[in-house]
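To keep things clear, I will list the structure first and then write my remarks on it.
Nothing in this text is a laboratory measurement; each read-out follows from the coordinates by a stated rule. Since the model is a prediction, treat every value here as computed from it, not as a measurement. Note that each Cβ is placed from the backbone with ideal geometry, even for glycine, and that neighbours are counted across all protein chains shown.
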């Protein structure tokens, strides 16, 4: 059985916002292992939707930018309404994830029958991580361990695997990067099982400039604070 046949029940969701310079390479790499790739163009202005479609992905589009959480939820809804996929992979469009990690997480999901498989750069590998990013991520880990009651080592890793049961029980409403904590906080209350797998995150000059900047780190802390206040 080929890799494509083995993963025929898998759909990869790629949320993207102005990723014209990277998305074609990301999709090409994914297509080596996965047949079904859905890109959610979150109100981009650089034509990355057309590039993704030409590379072989199904493209959904938001008319205006709504944030990564909203883009992923659009992808989840599409999978539930229009496919029979048993497993979903969320994969970033900036090139920092490794396809082989996604394949390994799929195997873990099948072997353990877990509802959610989470990726961890802190038990795995990260290259050239900005210091501010590391500090904020560590704060996010403590926040999530405290509020979500999860023993996790990485809270804002965009590489995940969910089964169809998890898709029906988790709904993302936080607009920006705090959706990641919202996602994790939904696991225990919904009776979902999870496991964490060591993975690699490759920080490049592009990804640091695009989404790993200091101001983005501040945004994550702000969104986490807002989420905490909503819960009180």
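Some values worked out for this structure:
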quantity	calculated
5 Å binning of all Cα-Cα separations within segment 52-112, expressed as whole percents from 0 upward	4, 13, 20, 25, 25, 10, 3, 1
Sorted by Cβ neighbour density within 10 Å, fewest at the top, the residues 78, 179	78, 179
Label-to-label distance, nm, for residues given as residue 46 and residue 63 (7 Å Cα→Cβ offset)	2.5
Cβ-Cβ FRET estimate between residue 21 and residue 111, R0 fixed at 25 Å, reported to 0.05	0.10
Sequence of 196, 50, 19 once ranked by neighbouring C-beta atoms within 10 Å, starting from the fewest	50, 196, 19
